[in-house]
1. Note the direction-averaged projected area, equal to a quarter of the hull surface, for the Cα convex hull of region 98-138, in nm².
2. Work out the charge dipole of the chain with +1 on the Cβ of Lys and Arg and -1 on the Cβ of Asp and Glu about the Cα centre, then indicate which of 56, 218, 248 is farthest towards its positive end.
3. Under a 1.4 angstrom probe, counting protein chains only, how are 101, 236 ranked by accessible area, largest first?
4. Two decimals is fine: what is log10 I(q)/I(0) at q = 0.11, 0.12, 0.15, 0.16 Å⁻¹ for region 112-262, from a Debye sum with one equal scatterer on every Cα and no solvent?
5. Which value, in debye to the nearest 20, gives the size of the charge dipole of the chain about its Cα centre, when Lys and Arg are +1 and Asp and Glu are -1 at the Cβ?
6. Express in whole angstrom the spacing between the alpha-carbon centres of region 62-81 and region 115-163.
7. Using the heavy atoms of the protein chains and a 1.4 angstrom probe, tell me the accessible area per residue for the chain in square angstrom.
8. Only helical DSSP H runs with n ≥ 4 go in: add -39500 (n - 2.57) per run for the chain, normalise by residue count and round the 222 nm mean residue ellipticity to 500 deg cm²/dmol.
Amino acid sequence: MKRIIRKALTLLAVYYAYILEYRAEMILWVLSGSLPIIFMGIWIQAAQGGRFNLTPVDFARYFLVVFIIRQFTAVWVIWDFEKEVVEGKLSPRLLQPIDPVWHHVAIHVSDRLARLQFAFILVALFFILYPQAFWVPRLGSVLLFVLSVLIAFILRFTIQYTFAMFAFWTERATALENLWMLFYLFLSGMIAPLEVFPDSVRAIVMLTPFPYLIDFPASILIGLPVDFGRGFLALVGWTLIFLVLNRWLWRMGLKRYSGMGA
């Protein structure tokens, strides 16, 4: 166990130092996740007429939380893994005594730590510009929110890493992620809370993993009604499904891998 912890801390230290070399670029990445803030303005205006169950303040809080969730659940492993497979850079990592996935996990975790300060600055600026949206969530809601975001990140990473396995069969595995992103944008709650969806549509969407990646954690923090049991079971269940699929594709893919030095 001590060896595992030492290896994990070493990976995190190395990749955190690597991330800090690109602090200026980090600001751009944080700002690139500000799409929910744009939709916030649209929905606040739409809510002025009282056509929705949510008030303008509810929409402001919701999309602020969506912005925060996006900062902690952003994943790009498919692009890195595809490059490693196509260029044969995966070969030396296969010789190391750890699964290559832990390199990707370490850089993603390090990125979360590095972008925290920039995200907090933007959140503080938001409350300065829109003070009526300020609120203090209950401690229980905060703890459940943190847990749900953590599992959502694990699920998001597992899904994309599973798609990355197709790089063993095609040079454009990222096309799968681009297709998935279309559904992710519209069904996860990023562009609109599921609360405004028709009941029939929402019932179908809840059978997919999308709403549990954003809408579920956001609803917890701002106090919208949610089914906690179903939400957390869905997060864990979908994670296990994609994890099993991922490990199977990994074993099948290694048999086809023909990168330099493999």
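1. Numbers: hull surface 17.5 nm².
Over all viewing directions, region 98-138 projects a mean Cα-hull area of 4.4 nm².
2. 248
3. On the way: 101 20, 236 65 Å².
Correct descending sequence by accessible area is 236, 101.
4. -0.55, -0.65, -0.92, -1.01
5. Values: 22 positive and 15 negative charges, 153 e Å.
It works out to roughly 740 debye.
6. Distance between centres, Cα-based: 10 Å.
7. Values: 13990 Å² over 262 residues.
Accessible area per residue: 53 Å².
8. Numbers: 12 runs with 187 residues, N = 262.
One gets -23500 deg cm²/dmol as the mean residue ellipticity at 222 nm.
The values are calculated or read from the model by the stated rules, or taken from the named source; none is laboratory data. Bear in mind the structure is a predicted one, so any value in this text is a computation, not a measurement. So basically every Cβ, Gly included, is an ideal-geometry build from the backbone, and we count neighbours across all protein chains shown. With ligands, DNA and RNA removed, areas are computed over all heavy atoms of the protein, side chains included. Shrake-Rupley method; radii C 1.70, N 1.55, O 1.52, S 1.80 Å.
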